[in-house]
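Beneath this line is the structure, given in structure tokens, with notes to follow.
Only the coordinates and a few stated rules stand behind these numbers; no lab work does. As the structure is a computational prediction, the values presented were derived from the model and not from experiment. Glycine also receives a Cβ, built like all others from the backbone with ideal geometry; neighbour counts cover every protein chain displayed.
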Amino acid sequence: MTSAETLLKLRDARVTAVLRADSAEAAVGASVALAEAGVRAVELTFTTPGAAGALREARDRLPAEIVLGAGTIRTSRELQAAVEAGADFLVTPHLDRGLLSEMLATGLLALPGTFTPSEVAAALSAGAEVVKLFPASTGGIRHFKALRGPFPELQAIPTGGIDAAAAVEWLAAGAVAVGAGSELCPSALVRTCDWDAVRAAAARFLAEVD
């Protein structure tokens, strides 16, 4: 799948589940439950112990149409592990020009974390097709709209503190998609592996967004 095809799938999915878990087993279980609830894009973060193994298992267990990403990538080693595990897209929480260059060299869709105009400019000039706007809740939609003044070509996936109501507003404002964490998949439910409750919470979130 090309980076352009992945970007189109993320746009169609509208909501990307950003999963942080206490174990690889919980991360995989949550990803499967979310897919069963209708979530079509999942990002497993490297803050999860055994994240690379979780990515590999999730790729094996999730339907082929689910877009699977690797998030919170902070080192070249994590990047390589994500690629080898079969990630469809790569996400950093920050802008590291050297790491972004490595991400782009993989041919996979790269989403560098940005917030300021300087970070957005650097990411776009390096060749990023889309950026992660993080943390989205601290700047808000007004911040996003202000950035699109000097950067009208900006494609962004805001992430951080976005509930269903805010997701609707971000999408209406022109966001490619939104990244949702505990608002979509409550951490307490993941810790207890309550997959029925995870499915129910995700279904409610998606119903509000659609």
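Name the residues in the stretch 1-23 that are more than 22 Å from Leu104 (Cα to Cα), in contact (Cβ under 8 Å) with a residue 40 or more places away in the chain and not in a helix (DSSP H, G or I), would you?
Across the stretch 1-23, the qualifying residues are Arg14, Val15, Ala17, Leu19, Arg20, Ala21, Asp22.
Which of the helices (runs of 4 or more DSSP H) contained wholly in the stretch 134-210 include at least 3 residues that are buried (at least 21 other Cβ atoms within 10 Å of the Cβ) and of a type outside the set (S, T, N, Q)?
195-209
Which count do you get for residues in the stretch 105-140 that are out of contact with any helix residue (DSSP H, G or I) (no Cβ under 7 Å at 6 or more places or on another chain), hydrophobic (A, V, I, L, M, F, W, C) and within 13 Å of Val91 (Cβ to Cβ)?
2
Filter the stretch 183-198 down to the residues that are under 27 Å from Leu7 (Cβ atoms) and touching a residue at least 40 places away in the same chain (Cβ under 8 Å) and list them by number.
Leu184, Cys185, Val198
Would you point out which residue out of Ala58, Ala26, Ala82, Ala123 is crowded, with 17+ Cβ neighbours inside 10 Å, outside any loop (DSSP other than H, G, I, E, B) and touching a Phe, Trp or Tyr at 6+ places or on another chain (Cβ under 9 Å)?
Ala82
Only one residue in Ala64, Ala33, Ala41 is within 24 Å of Asp210 (Cα to Cα), more than 15 Å from the chain's Cα centre (by Cα), surrounded by 23 or more Cβ atoms within 10 Å (Cβ to Cβ) and among the aliphatic types (A, V, I, L, M), so which one is that?
Ala33
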